[in-house]
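Okay, so here's the structure we're looking at.
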Amino acid sequence: MSVRDFQNYYGVKRRRFLEIRTKANVKPKAYTSMLSVKDLRALLRYVSADRREAEQHRAHARQMATTPVRPIKPATPPKPPIDFEAQIEEALSKLAKTRRALVELTKDHLDDDDGSGRCRECNQPAPCLTKREMTRLGNDLLDEVAVWGSGGGSDSELTSTPDPERRLRKIYASRDRWLEVLVMLTKDHMNEDHHKRCGVCKVDDPCGMKAAFLRINRGIAWRVANEFYVMDDEELRAVFHRRPRYDYAADYEERNA
């Protein structure tokens, strides 16, 4: 077998033939040179090794192509630190707006002790409808409404808590307490019946309560009309009486007092 026949039969390129010829210590290199049986055996040892290596590469490539690669899940970025001071400032602002709305709507109805037997604000027999509703809904807030309505009142009890997270929770709990009474007092005034009349006051819409509410804080008023009005009592209780998170810090302080 000549060198040319060997290369063609075994698919060995010229450069590779010269490499394995050197390794096998075979002298013939010209295309027309004839190879002895001893030369063929020596060359085939390296050709077989090359084929085994090539087959191993192909098998590995097939395995890599058929083995699914599990995607690497990117690391979760760390949560940004909570800016409690900014949240506390925002919560205090919401509390102040909610409290002001309830105080402005009710303070003149609650102070009806002028001896005339009638409410000085709406001229209904005392106690008027607003005072009766406030007594039913927020009896524990009546004194606070009177204090804030006279220009007093302070949030120092809420803002004196050292821990900012607990301070924030206390402020929102106070806001929800005022907002619940405000919603229950006004929600039935915010939507008219099919005669375009207030279902509570029985006067043309808007009634005095709705008009005053829109004047004091239009944003909260429209939230009551469009969000809270469609909720039943159970849904409202779920909104305003969420299960509080257990305050381990307070419990620790009590046990170690």
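Table: residues versus (1) within 27 Å of N226 (Cβ to Cβ); (2) surrounded by 14 or more Cβ atoms within 10 Å (Cβ to Cβ); (3) in contact (Cβ under 8 Å) with a residue 40 or more places away in the chain.
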{"residue": "R100", "(1), (2), (3)": "yes, yes, yes"}
{"residue": "T130", "(1), (2), (3)": "yes, yes, yes"}
{"residue": "T161", "(1), (2), (3)": "no, yes, no"}
{"residue": "I171", "(1), (2), (3)": "yes, yes, yes"}
{"residue": "V181", "(1), (2), (3)": "yes, yes, yes"}
{"residue": "K187", "(1), (2), (3)": "yes, yes, yes"}
{"residue": "M190", "(1), (2), (3)": "yes, yes, no"}
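Looking only at residues in the range 27-42 that are among the hydrophobic types (A, V, I, L, M, F, W, C) and over 12 Å from M1 (Cβ atoms), the one that is most open to solvent (accessible area, probe 1.4 Å) is A30. Of the residues making up the range 112-121, those that are closer than 19 Å to M209 by Cα and open to solvent by less than 50 Å² (accessible area, probe 1.4 Å) are D112, C119.
For the range 225-234, the condition holds for at least one residue, the condition being that it is in a helix (DSSP H, G or I), closer than 16 Å to L137 by Cβ and modelled with pLDDT under 90.
Among the residues of the range 62-78, is there at least one that is modelled with pLDDT of 75 or more and surrounded by 10 or more Cβ atoms within 10 Å (Cβ to Cβ)? Within the range 62-78 (the criterion being modelled with pLDDT of 75 or more and surrounded by 10 or more Cβ atoms within 10 Å (Cβ to Cβ)), the answer is no, since none of the residues qualifies. The residue that is farthest from P164 (Cα to Cα), among those in the range 76-130 that are part of a loop (DSSP other than H, G, I, E, B) and charged (D, E, K, R), is D114.
For the range 133-213, list the helices (runs of 4 or more DSSP H) that sit wholly inside it and hold at least 1 residues that are closer than 15 Å to A101 by Cβ and in contact with a Lys or Arg (Cβ under 7 Å, 6 or more places away or on another chain); which are they?
Details: elements: 142-149, 156-159, 164-186.
It comes to 142-149, 164-186.
Does E104 satisfy the condition of being modelled with pLDDT of 85 or more and exposed (fewer than 13 other Cβ atoms within 10 Å of the Cβ)? No; evaluated as a whole, the condition is false for this residue.
Against the list (1) out of contact with any Pro (no Cβ under 7 Å at 6 or more places or on another chain); (2) surrounded by fewer than 16 Cβ atoms within 10 Å (Cβ to Cβ); (3) at pLDDT 75 or above, the condition H109 fails is (2).
The values are calculated or read from the model by the stated rules, or taken from the named source; none is laboratory data. Source: prediction; values computed, not measured. Don't worry about glycine lacking a Cβ; one is built from the backbone with ideal geometry, like all the others, and counts go over all protein chains shown. Calculation scope for accessible area: heavy atoms of the full protein, side chains included, ligands and nucleic acids excluded. Shrake-Rupley method; radii C 1.70, N 1.55, O 1.52, S 1.80 Å.
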